[in-house]
Amino acid sequence: MLQSKLFTKTKKQAPKGAETISHKFLARGDFIDQTAAGIYTFLPLGWRVHNKVENIIREEINNIGGQELFMPTLIPKKSWQETGRWETIDPPLFIVKDRHDKEFGLGSTHEEVITDLVRKRISSYSELPVYLYQFQNKFRNEMRATGGLLRVREFIMKDLYSFDVSKKASMDFYEKVRQAYIKIFKRCGLEVVAVEADSGTIGGDLSHEFILFAETGEDKIVFCPACNYGANIEKAGQATECPNCKKKLEQKSGIEAGHCFHLGTKYSQAMKAEFIDKDGKKKPIIMGCYGIGLGRLIAAIIEVSHDDRGIIWPTGVAPFDVHLLSIGNSEKVIEQSKKVYQDLQKQGMDVLYDDRDKSPGEKFTEADLIGIPIRLVVSEKTLAKNSVEIKKRNEKEEKLVELKELLKYVK
């Protein structure tokens, strides 16, 4: 991608009201644009990151047997009423009416829709288990949207739903998802811990949040350094002692990167999603649901991976693999820069080529802000040594690499 053609305009100052590191750098780097409070447009740089994160999640959920589908945003009132959540869900639904005066709730979560799909298609134990997931817009009627992408009103979530014949089978899958989540977060450059959580209006008999410890996090966690037990404040209440080993609990701040709920029969009983077991008896399907908000995950990555100059993207989620900077207007520099760009592309590398007529200082400053993992510089100075300057975004020192060795070194 030629940077001269990239639809982006970086800023020297963060927007007024931006408090978190991720909000400041995402806005300054022109990854996102605020349309209204808690509502954002993902610009090309931001959407490239979003797609990278989505593909990581998709790969790991497919690996544990997930089947992808796509459900609607508009959910009829009668569906919410079947489970009693039309009036009780928190935060309350965004409610709209069509031209026939029928009411719909904008989907903040999709338990009702997915349970209806399954009850229309599953009747026997032999057809279970089924694991279904989607990437879908969610609408949360938050009282106060804060922190950029950390707490928003509209966002894309991966929500996975499991349908099993028994609690044991369901809990076995719950553990598979827990392990898959750890892999997902690790591939995104994050180390997380699973802590016990309150199920809220989603419900169920078991719930875990996946927490990234960060000083900027708005979630408060009690954590045992001895046995790694953890719970959010809502779940732990006033407890000061670990329930497992009786050691004193510590309190930390964190960001919720994902959530798992073991729903049991909460929705299947309410909506009569049943199956016939081996003995010919009718039973409610055992359910679980598992969510990851992609925007929040992106913000969480930045909260722990940055310096005072900008973002430091982990390799797997960066908008580009390499940022190539052409410094100087001589024909030799321009021609060699183009050749490096084309050679990298031929090797399957995703390259942002800064071909703009800007000062070196501006180019270096923007490169640090955008945070692509590898920066290459072609200039009169480097070409005098038949080399290219290479610097990793997470390292302080740059080095010269001979042109003939560049492809091997970068790969």
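The values are calculated or read from the model by the stated rules, or taken from the named source; none is laboratory data. In this text the structure is predicted, and so the values were computed from the model without any measurement. Virtual Cβ from ideal backbone geometry, glycine too; neighbours counted across all protein chains shown.
General remarks:
Yes/no matrix, rows are residues, columns are (1) among the aliphatic types (A, V, I, L, M); (2) crowded, with 21+ Cβ neighbours inside 10 Å; (3) closer than 23 Å to A273 by Cβ; (4) over 23 Å from the mean Cα position of the chain (by Cα):
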site: S166; (1), (2), (3), (4): no, no, yes, yes
site: A169; (1), (2), (3), (4): yes, no, yes, yes
site: K176; (1), (2), (3), (4): no, no, yes, no
site: I184; (1), (2), (3), (4): yes, yes, no, no
site: V193; (1), (2), (3), (4): yes, no, no, no
site: L206; (1), (2), (3), (4): yes, no, yes, no
site: Y229; (1), (2), (3), (4): no, no, no, yes
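- If you go through segment 63-75 and pick out every residue that is surrounded by fewer than 18 Cβ atoms within 10 Å (Cβ to Cβ) and either in contact with a helix residue (DSSP H, G or I) (Cβ under 9 Å, 6 or more places away or on another chain) or closer than 13 Å to D159 by Cα (or both), you end up with 9.
- Any hit, segment 86-100, residues being under 19 Å from K266 (Cα atoms), assigned by TED's automatic domain parsing to the domain that holds I302 and free of Cβ contacts under 8 Å to residues at least 24 places away in the same chain: yes
- Residue match in segment 70-88 (condition: within 17 Å of the chain's Cα centre (by Cα) and of a type outside the set (D, E)): no
- Positions within segment 374-388 being within 14 Å of N329 (Cα to Cα) and among the small types (G, A, S), in sequence order: S379
- When segment 25-34 is limited to residues that are assigned to a strand (DSSP E or B) and not charged (D, E, K, R), the one that is surrounded by the fewest Cβ atoms within 10 Å (Cβ to Cβ) turns out to be Q34.
- Residues located in segment 60-82, provided they are of a type outside the set (D, E, K, R) and farther than 21 Å from Y174 by Cβ: F70, M71, P72, T73, L74, I75, P76, S79, W80, Q81
- Candidate set: segment 41-59, residues that are surrounded by fewer than 20 Cβ atoms within 10 Å (Cβ to Cβ) and of a type in the set (D, E, K, R); chosen: the one farthest from D172 (Cα to Cα): R48
A quick yes/no check of all residues on (1) surrounded by fewer than 20 Cβ atoms within 10 Å (Cβ to Cβ); (2) outside the structural domain of H50 (by TED's automatic domain parsing); (3) under 27 Å from I61 (Cα atoms):
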{"position": "C224", "(1), (2), (3)": "yes, no, no"}
{"position": "S253", "(1), (2), (3)": "yes, no, no"}
{"position": "G258", "(1), (2), (3)": "no, no, yes"}
{"position": "L263", "(1), (2), (3)": "no, no, yes"}
{"position": "Q269", "(1), (2), (3)": "yes, no, yes"}
{"position": "A273", "(1), (2), (3)": "no, no, yes"}
